[in-house]
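**Student:** Once you've had a glance at the structure underneath, I'll fire off some questions.
The values are calculated or read from the model by the stated rules, or taken from the named source; none is laboratory data. Bear in mind that the values here come from a model prediction, so they are computed numbers and not experimental data. Ideal geometry is used to build each Cβ from the backbone, glycine not excepted, and the neighbour counts take in all protein chains shown. Just the protein is used for accessible areas: all its heavy atoms, side chains included, with ligands, DNA and RNA removed. Shrake-Rupley method; radii C 1.70, N 1.55, O 1.52, S 1.80 Å.
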Amino acid sequence: MTEITGTEARDRVKALVEDIDITMLTTVDAAGRLVSRPMSTREMDEAGDIWFFTSDETKKAEEVEADRDVNLAYCDAKGMRYVSVAGRAALVHDRARMEQLWSPSLDIWFENGLDTPDIALLKVTPVETEFWEPAHGKLVMAAGMLKALVTRDTPDDTMNHGKLVR
């Protein structure tokens, strides 16, 4: 497995997070249980923060207010690309930032657009991020794994792995 770090890792995480789009956001509920739900990523900014739209009147907002520790799990099974983000979440009520991140597709969830009562942004600041993706494309990776299966050897450099810690 090829290890990727630094600027290259940060650039790959941004590209993966914005390309995969849907993530499972995991929070901790009042009983201490882990609860996950799908969220659509709006952006990963230059500081590395990941942004989503939400409502103040949701369980996830309540859970984030009680415990800011969250996890984002991105999965592109067909492309064999994965990202896990352990981070700290915060609700943000910044109209200018909302205007920057808004798209008409959000009208499905927010009936009055940016004027929807209780609309908010959810910002996740990564603390530790890991990603995995094929090093040379899926076909080359599959061939390497098949070879390893036949030779009973460890697959050669089939995946790239990166880790970022703040």
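**Student:** Looking at region 126-134, can you tell me whether even one residue there is modelled with pLDDT of 95 or more and either surrounded by fewer than 16 Cβ atoms within 10 Å (Cβ to Cβ) or over 20 Å from Glu3 (Cβ atoms) (or both)?
**Tutor:** yes
**Student:** Among the candidates Asp29, Asp45, single out the residue that is closer than 16 Å to Val92 by Cβ and open to solvent by 20 Å² or more (accessible area, probe 1.4 Å). Quick ask: steps written out before the conclusion?
**Tutor:** Numbers: Asp29 fails: closer than 16 Å to Val92 by Cβ.
That would be Asp45, the only listed residue that is closer than 16 Å to Val92 by Cβ and open to solvent by 20 Å² or more (accessible area, probe 1.4 Å).
**Student:** Let me ask you something else. Kindly evaluate Arg152 against the criterion of being open to solvent by 90 Å² or more (accessible area, probe 1.4 Å), at pLDDT 95 or above and not aromatic (Phe, Trp, Tyr).
**Tutor:** It is false that Arg152 is open to solvent by 90 Å² or more (accessible area, probe 1.4 Å), at pLDDT 95 or above and not aromatic (Phe, Trp, Tyr).
**Student:** Identify the residue in region 94-114 that is closer than 21 Å to Asp49 by Cβ and of a type in the set (Asp, Glu) and, among all such residues, is least open to solvent (accessible area, probe 1.4 Å).
**Tutor:** Here the residue is Asp94.
**Student:** I'd like to know if region 82-93 contains one or more residues that are in contact with a His (Cβ under 6 Å, 6 or more places away or on another chain) and either modelled with pLDDT under 95 or open to solvent by less than 30 Å² (accessible area, probe 1.4 Å) (or both). Don't jump to the end; show me each part of the working.
**Tutor:** First, the residues of region 82-93 that are in contact with a His (Cβ under 6 Å, 6 or more places away or on another chain): none.
There is no residue in region 82-93 that is in contact with a His (Cβ under 6 Å, 6 or more places away or on another chain) and either modelled with pLDDT under 95 or open to solvent by less than 30 Å² (accessible area, probe 1.4 Å) (or both).
**Student:** Please go through region 48-81 and pick out each residue that is in contact (Cβ under 8 Å) with a residue 24 or more places away in the chain and hydrophobic (A, V, I, L, M, F, W, C).
**Tutor:** Ile50, Trp51, Phe52, Phe53, Ala61, Val64, Ala66, Val70, Leu72, Ala73, Cys75, Met80
**Student:** Then there is this: Going through region 50-108 one residue at a time, which ones are farther than 19 Å from Asp29 by Cα and among the polar types (S, T, N, Q)?
**Tutor:** Within region 50-108, Ser84, Gln100, Ser103, Ser105 meet the criteria.
**Student:** Is there any pair with a first residue in region 1-25 that is under 12 Å from Glu43 (Cα atoms) and a second that is open to solvent by less than 80 Å² (accessible area, probe 1.4 Å) and basic (Lys, Arg) whose Cβ atoms are under 6 Å apart and which are 6 or more apart or on different chains, and what are they?
**Tutor:** Once the first residue is under 12 Å from Glu43 (Cα atoms) and sits in region 1-25, its partners that are open to solvent by less than 80 Å² (accessible area, probe 1.4 Å) and basic (Lys, Arg) give Leu16/Arg81.
**Student:** Here is a follow-up. What is the one condition in (1) modelled with pLDDT under 95; (2) under 16 Å from the mean Cα position of the chain (by Cα); (3) open to solvent by less than 90 Å² (accessible area, probe 1.4 Å) that Tyr74 does not satisfy?
**Tutor:** (1)
So that you can scan it fast, the table gives a plain yes or no per residue for (1) open to solvent by 20 Å² or more (accessible area, probe 1.4 Å); (2) within 11 Å of the chain's Cα centre (by Cα):
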site: Pro38; (1), (2): yes, yes
site: Phe52; (1), (2): no, yes
site: Asp56; (1), (2): yes, no
site: Ala66; (1), (2): yes, no
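**Student:** Residues that are at pLDDT below 95 and out of contact with any Cys (no Cβ under 8 Å at 6 or more places or on another chain): list the strands (runs of 3 or more DSSP E) wholly contained in region 1-47 that include at least 1 such residues.
**Tutor:** Hits in region 1-47: 2-4.
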